[in-house]
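Visitor: Below you will find the structure I want to go over with you.
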Amino acid sequence: MRFNTIVYCLKQGIKNIFRNKLFSLASISTMAACIFLFGLFYSIVMNVQFMVKEAESSLCVTVFFEPGTSETRISVLGQQIAGRNEVSHVEYTSADEAWDSFKDVYFEGNEEYAKAFMGDNPLINCAYQTIYLSEASMQESLVNYLESIPDVRKVNKSELTANSFADFGMLIGYVSGAIILILLAVAVFLISNTVSVGITVRREEISIMKLIGATDFFVRAPFLVEGILIGLVGAAIPLAAIYYLYGSVISYVLEQFSILSSVMVFLPITDVFRSLLPVGLILGVGIGFLGSSTTTRKHLRV
Amino acid sequence: MSPWGSRKLFLRGDIDCIYGEYEMIVFENVSKTYETGTPALNNVNLKIEKGEFVFIVGNSGSGKSTLIKLLLKELEPSGGKIYVNNKLLNRMKRRHIPRYRRGLGVVFQDFRLLKDRNVYENIAFAQRVVGTPARVIRRQVPSMLSLVGLAEKYRSYPKQLSGGEQQRVALARALVNNPAILLADEPTGNLDPRNSWEIMRLLEEINKRGTTVLVVTHNQEIVDAMKKRVITMHKGLITSDEKKSGYHQ
């Protein structure tokens with residue numbers, strides 16, 4: 001295709017937007033609303049995932065071993081466990097470290113009583129491995145594995161917490177996904193309507209183009225450009241709004257509900273935008289393209 | 001070298017029939033019945049040679065415009081075969097239609113100019129559609145405007161022109177891509193006698209330069225005066241086909 005044909009199609013696409021100002025404005029507004037809500041849910045999902053991840057990273061399973069299991073054996077088992085998919089990392093606590101840690105807490109203020117145990121560790125069989133999970137949902141399979149090891153005496157786990165994290169993350173994902181899908185379908189419908197109006201307005205011009213030998217692509221291209229531009233502008237506006245509002249909203253939330261600041265850690269906007277910006281723009285362009293291409297395909301059989 | 005008639009309608013090797021090199025348009029037993037059941041053409045047989053000037057006359061509903069639409073591939077025949085420059089139109093794939101149409105020039109009774117573009121842009125549009133480079137457009141559009149006598153009105157918009165001038169713009173647009181065939185459907189239908197003659201003079205000039213010209217018309221005075229081949233149609237049939245003839249009802 002020639003360069004001047006591309007320029008012509010681009011110019012015509014831009015002109016189309018201004019020819020149907022009201023419809024274009026309606027499409028851009030709807031698209032902006034959809035992408036804004038998308039951005040909102042996307043940010044929420046990212047933050048929830050981030051918080052779940054943070055919480056998961058502190059989620060651990062503690063493994064105690066049978067009396068008489070040597071430190072070498074425990075160390076070997078620790079390495080085996082650390083190599084599994086479910087495991088983020090493993091920390092070993094020897095019997096002496098366990099006692100030191102326990103007595104510091106238990107005999108606080110009465111340290112002289114602890115001296116009575118000098119040379120006699122009551123937790124001699126309580127060396128343990130603390131296993132941090134890479135994902136909360138994997139806890140069950142890991143626990144099953146750990147319990148199947150002969151040298152393992154006891155596995156301490158936190159069933160409720162693990163499932164809650166996984167379920168909450170999934171729930172947020174499903175709800176957001178459903179809302180986003182509905183919004184995107186509305187956006188496709190509206191862009192399709194705008195392009196339909198454009199085609200109706202330009203029906204005579206299109207029939208002249210076809211009669212003098214314009215290819216289908218030449219006729220369609222300006223409408224595709226129109227749809228893509230509407231999608232692009234409709235995506236850029238809400239993304240800019242989210243960029244500037246995000247920080248303020250988080251500061252406001254933390255200020256108003258200061259209790260949250262201890263349990264909630266929000267992602268910085270740059271982290272959210274690293275993926276939201278390309279996803280939002282591609283989505284806008286994609287919806288614009290989809291709406292206009294299906295409509296032109298339907299209406300331009302001259 | 002003639003500036004018109006040189007455009008090849010098809011690529012080399014795109015030959016479907018054994019008609020000689022002189023036939024430009026051939027209808028073999030062509031019928032057309034619309035979806036409503038209305039018959040428009042009934043077993044029409046017709047041959048038009050390259051470089052001919054042909055009038056197609058007849059009452060309303062006689063099938064003249066259907067014949068033009070079949071040639072433009074706006075309609076498909078219900079039966080029979082249509083060859084243009086030895087290419088069978090019936091078998092033509094949809095994606096090849098634009099290339100075929102670029103070899104045709106079309107003029108309509110209602111001019112069909114783009115109202116939001118000036119004279120220059122209307123003609124340039126036809127070249128832009130077929131991907132002509134901008135420098136060629138800048139060279140050819142003024143020369144085409146000179147030919148139709150509108151060089152000084154290149155910046156005017158259609159509504160600022162008379163009917164005759166608008167039809168001349170439409171003619172310039174039809175010719176700017178060097179078509180092998182010019183199809184004119186009632187080109188003088190909306191014009192006064194003086195402008196009608198001006199358009200006919202231009203069509204004759206174009207024909208002399210090698211373009212095959214088909215004119216559908218009701219204008220008896222012009223048909224009688226020009227002494228060209230006249231095909232008369234009635235209720236979808238060709239009732240007479242005479243060379244250097246006049247208007248028959």
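The values are calculated or read from the model by the stated rules, or taken from the named source; none is laboratory data. A quick note: this is a predicted structure, and the numbers were derived from the prediction, not measured. For neighbour counting, all protein chains shown are included, and Cβ atoms are generated from backbone atoms with ideal geometry for every residue, glycine included. Just so you know, the surface numbers come from the protein's heavy atoms only, side chains and all, with ligands and any DNA or RNA stripped out. Shrake-Rupley method; radii C 1.70, N 1.55, O 1.52, S 1.80 Å.
Visitor: If you scan the stretch B:1-43, which residues turn out to be touching a Pro at 6+ places or on another chain (Cβ under 9 Å) and either surrounded by fewer than 12 Cβ atoms within 10 Å (Cβ to Cβ) or modelled with pLDDT of 85 or more (or both)?
Guide: Of everything in the stretch B:1-43, those that are touching a Pro at 6+ places or on another chain (Cβ under 9 Å) and either surrounded by fewer than 12 Cβ atoms within 10 Å (Cβ to Cβ) or modelled with pLDDT of 85 or more (or both) turn out to be B:PHE27, B:VAL30, B:SER31, B:LYS32, B:THR33, B:LEU41.
Visitor: Just checking, which of A:ILE228, A:ILE237, A:ILE199 is part of a helix (DSSP H, G or I), away from chain B (no Cβ under 14 Å) and in contact with a His (Cβ under 7 Å, 6 or more places away or on another chain)? Show your work before the answer.
Guide: On the way: A:ILE228 fails: in contact with a His (Cβ under 7 Å, 6 or more places away or on another chain); A:ILE237 fails: in contact with a His (Cβ under 7 Å, 6 or more places away or on another chain).
Within the list A:ILE228, A:ILE237, A:ILE199, the selection yields A:ILE199.
Visitor: Continuing with this model, one more query. Which residues, taken from the stretch A:84-142, are basic (Lys, Arg) and either modelled with pLDDT of 80 or more or surrounded by 14 or more Cβ atoms within 10 Å (Cβ to Cβ) (or both)?
Guide: Residues of the stretch A:84-142 basic (Lys, Arg): A:84, A:103, A:115.
Passing the criteria: A:ARG84, A:LYS103.
Visitor: Still on this structure, I have one more. Scanning for something surrounded by fewer than 16 Cβ atoms within 10 Å (Cβ to Cβ), more than 22 Å from B:GLU74 (Cβ to Cβ) and among the small types (Gly, Ala, Ser), does the stretch B:172-194 turn up at least one residue? So that I can check it myself, show each step before the final result.
Guide: Within the stretch B:172-194, the subset surrounded by fewer than 16 Cβ atoms within 10 Å (Cβ to Cβ) is B:192-194.
Right, trim to more than 22 Å from B:GLU74 (Cβ to Cβ) and you get B:192-194.
Going one step further and asking which of them are among the small types (Gly, Ala, Ser), we end up with none.
Taking every residue of the stretch B:172-194 in turn, none turns out to be surrounded by fewer than 16 Cβ atoms within 10 Å (Cβ to Cβ), more than 22 Å from B:GLU74 (Cβ to Cβ) and among the small types (Gly, Ala, Ser).
Visitor: With the requirement that a residue be of a type in the set (Ser, Thr, Tyr), under 34 Å from the mean Cα position of the chain (by Cα) and open to solvent by less than 40 Å² (accessible area, probe 1.4 Å), what does the stretch A:1-52 give you? So that I can check it myself, show each step before the final result.
Guide: At the first step, the residues of the stretch A:1-52 found to be of a type in the set (Ser, Thr, Tyr) are A:5, A:8, A:24, A:27, A:29-30, A:42-43.
Then keep just the ones that are under 34 Å from the mean Cα position of the chain (by Cα); that gives A:24, A:27, A:29-30, A:42-43.
Across the stretch A:1-52, the qualifying residues are A:SER24, A:SER27, A:THR30, A:SER43.
Visitor: To continue, here is another question. With respect to the numbered conditions (1) in contact with a strand residue (DSSP E or B) (Cβ under 9 Å, 6 or more places away or on another chain); (2) of a type outside the set (A, V, I, L, M, F, W, C); (3) in contact (Cβ under 8 Å) with a residue 12 or more places away in the chain, which one is the sole condition not fulfilled by B:SER240?
Guide: (3)
Visitor: Here is a further query. What number of residues within the stretch A:109-148 satisfy the criterion of being in a helix (DSSP H, G or I) and among the acidic types (Asp, Glu)? Break it down stepwise before answering.
Guide: Initially, the stretch A:109-148 is screened for residues in a helix (DSSP H, G or I), giving A:111-115, A:136-147.
From what's left, among the acidic types (Asp, Glu): A:111-112, A:140, A:147.
Adding up the residues that qualify gives 4.
Visitor: For the list (1) at pLDDT 85 or above; (2) surrounded by fewer than 19 Cβ atoms within 10 Å (Cβ to Cβ); (3) under 30 Å from A:PHE65 (Cβ atoms), I need the number of the one condition that A:LEU232 fails.
Guide: Every condition holds for A:LEU232 apart from (3).
Visitor: Condition first: modelled with pLDDT under 90 and assigned to a helix (DSSP H, G or I). Can you find one or more residues in the stretch B:118-125 that meet it? Before the answer, list the steps.
Guide: Taking the stretch B:118-125 as the starting set, the residues that turn out to be modelled with pLDDT under 90 are B:125.
The next check asks that each one be assigned to a helix (DSSP H, G or I); those that pass are B:125.
Within the stretch B:118-125, one or more residues are modelled with pLDDT under 90 and assigned to a helix (DSSP H, G or I).
Visitor: Next up: Among the residues in the stretch A:208-220, are any within 14 Å of chain B (Cβ to nearest Cβ), open to solvent by 10 Å² or more (accessible area, probe 1.4 Å), hydroxyl-bearing (Ser, Thr, Tyr) and more than 30 Å from A:GLY39 (Cβ to Cβ)?
Guide: For the stretch A:208-220, residues within 14 Å of chain B (Cβ to nearest Cβ), open to solvent by 10 Å² or more (accessible area, probe 1.4 Å), hydroxyl-bearing (Ser, Thr, Tyr) and more than 30 Å from A:GLY39 (Cβ to Cβ): present.
Visitor: Give the stretch B:99-138 a look and list any residue that's within 16 Å of B:ASN178 (Cα to Cα), among the hydroxyl-bearing types (Ser, Thr, Tyr) and open to solvent by 10 Å² or more (accessible area, probe 1.4 Å), or say none.
Guide: Hit for the stretch B:99-138 is B:THR132, nothing else.
Visitor: May I ask you to say which residue of B:GLU221, B:GLU152 is free of Cβ contacts under 8 Å to residues at least 12 places away in the same chain and surrounded by fewer than 16 Cβ atoms within 10 Å (Cβ to Cβ)?
Guide: It is B:GLU152.
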